[in-house]
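So the structure is just underneath, and the comments pick up after that.
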Amino acid sequence: MIGVDGLAINPASSTQLCAFLFGGAANLKTKVRTETTRVFKVARDEIPDKAMALYRERDAQPNEQSSEALDSDERQPDEFDSMKAAQLKALCKEYGLKVSGKKAELQERLRGHFLAVGQDSNEMQQDDFEELPTDHELKQICVTRGLSPDGTRKALLERLRQDVSFALELLSASAEGSTDGYRSITEALEAATASDGGVLKEIMVDLKAKAQEEPKLVDVTIPSIEMEPFKFTVGGAPSVTADVLRKLAGDPFGDEPKYGTAYDFFGGGEEGRDACVALFSLTAIN
């Protein structure tokens with residue numbers, strides 16, 4: 001009924017079972033309705049092998065949503081999204097970029113840097129200003145960039161660094177939604193890894209290793225069939241005790257089969273019988 005997630009449901013978990021049977025029902029005391037669809041983080045070793053195999057098969061299929069997103073105006077995730085703040089700062093330092101700022105600013109700064117490199121840009125970087133021998137040269141650069149030439153050498157350097165950071169972040173922002181821009185970042189990182197090595201190579205190796213690891217937790221999505229609860233816990237939540245399951249299932253294996261309330265809920269016939277049989281099997285667990 002709910003595909004691979006149905007195979008991954010733990011029938012011994014009253015929380016998952018309640019979400020499946022009675023999701024959307026209101027708590028008897030608080031009157032708050034639960035979600036009709038819930039996502040549970042389940043440890044891999046708790047997922048049946050058959051379900052795990054189907055998850056792997058499903059994950060290996062092309063993601064239609066990702067394909068659609070490539071044609072949209074949204075920027076696609078890249079390697080910088082997977083990096084920690086410390087790794088981003090290490091790269092900024094490695095490539096002579098301003099190291100301070102929020103994580104998102106560091107990411108945009110680095111994207112702009114690698115886009116600029118990929119476009120053979122002549123944009124000066126932070127370290128280039130440090131190499132200028134005189135304050136007069138710094139002031140001239142400030143003037144050409146539309147910046148104030150006033151202040152100490154330290155102030156001039158900081159002003160220019162801020163301007164470069166802004167220019168790189170602007171370049172990154174202008175490339176969002178562009179498939180070519182997205183690809184050039186990835187390609188530029190690969191090229192830089194091959195030629196530069198160092199910190200970038202270490203980080204890229206680490207990211208690729210983590211990408212190949214299977215996650216310890218699996219998202220199991222359980223949409224509810226939204227049955228109406230008839231018994232509640234002390235806290236007011238729908239109950240899924242054995243007697244509740246027996247009422248839903250009836251006795252489908254008796255000499256004269258008697259079906260529970262689930263029979264009519266599923267429209268009777270073979271589907272209703274199968275539902276009662278499945279619920280009856282759960283009475284031995286709960």
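The values are calculated or read from the model by the stated rules, or taken from the named source; none is laboratory data. These numbers come from a predicted model, not from an experiment. With ideal geometry, Cβ positions are generated from the backbone for all residues, glycine too; neighbour counts draw on all protein chains shown.
Here E271 does not qualify as outside any helix (DSSP H, G or I) and either under 24 Å from V4 (Cα atoms) or of a type in the set (A, V, I, L, M) (or both). What residue, among those in the stretch 1-19 that are in a loop (DSSP other than H, G, I, E, B) and among the polar types (S, T, N, Q), is nearest to I222 (Cα to Cα)? Per the criteria, the residue is N10.
Does at least one position in the stretch 20-35 carry a residue that is within 25 Å of the chain's Cα centre (by Cα), part of a helix (DSSP H, G or I) and within 22 Å of A237 (Cβ to Cβ)? Among the residues of the stretch 20-35, at least one is within 25 Å of the chain's Cα centre (by Cα), part of a helix (DSSP H, G or I) and within 22 Å of A237 (Cβ to Cβ), which makes the answer yes.
Scanning the stretch 218-236 for residues that are touching a residue at least 24 places away in the same chain (Cβ under 8 Å) and surrounded by 13 or more Cβ atoms within 10 Å (Cβ to Cβ) yields V218, V220, T221, I222, P223, S224, I225, E226, M227, P229, F232, G236. Tell me, which residue of the stretch 37-69 that is assigned to a loop (DSSP other than H, G, I, E, B) and exposed (fewer than 15 other Cβ atoms within 10 Å of the Cβ) is modelled with the highest pLDDT? Step by step, filter the stretch 37-69, then rank; the result is P48. Of all residues in the stretch 240-254, those satisfying the criterion of being surrounded by 16 or more Cβ atoms within 10 Å (Cβ to Cβ) and either under 39 Å from the mean Cα position of the chain (by Cα) or not assigned by TED's automatic domain parsing to the domain that holds S281 (or both) are V240, V244, L245, L248, A249.
Scan the stretch 255-268 for residues that are assigned to a loop (DSSP other than H, G, I, E, B) and surrounded by 10 or more Cβ atoms within 10 Å (Cβ to Cβ) and the total you get is 5. Can you tell me which residue in the stretch 146-185 is nearest to R111 (Cα to Cα), limited to those that are of a type in the set (S, T, Y) and modelled with pLDDT under 80? So, considering only residues that are of a type in the set (S, T, Y) and modelled with pLDDT under 80, the one nearest to R111 (Cα to Cα) is S172. Of all residues in the stretch 100-126, exactly one satisfies the criterion of being under 21 Å from I141 (Cβ atoms), at pLDDT 80 or above and touching a Lys or Arg at 6+ places or on another chain (Cβ under 8 Å), namely R109.
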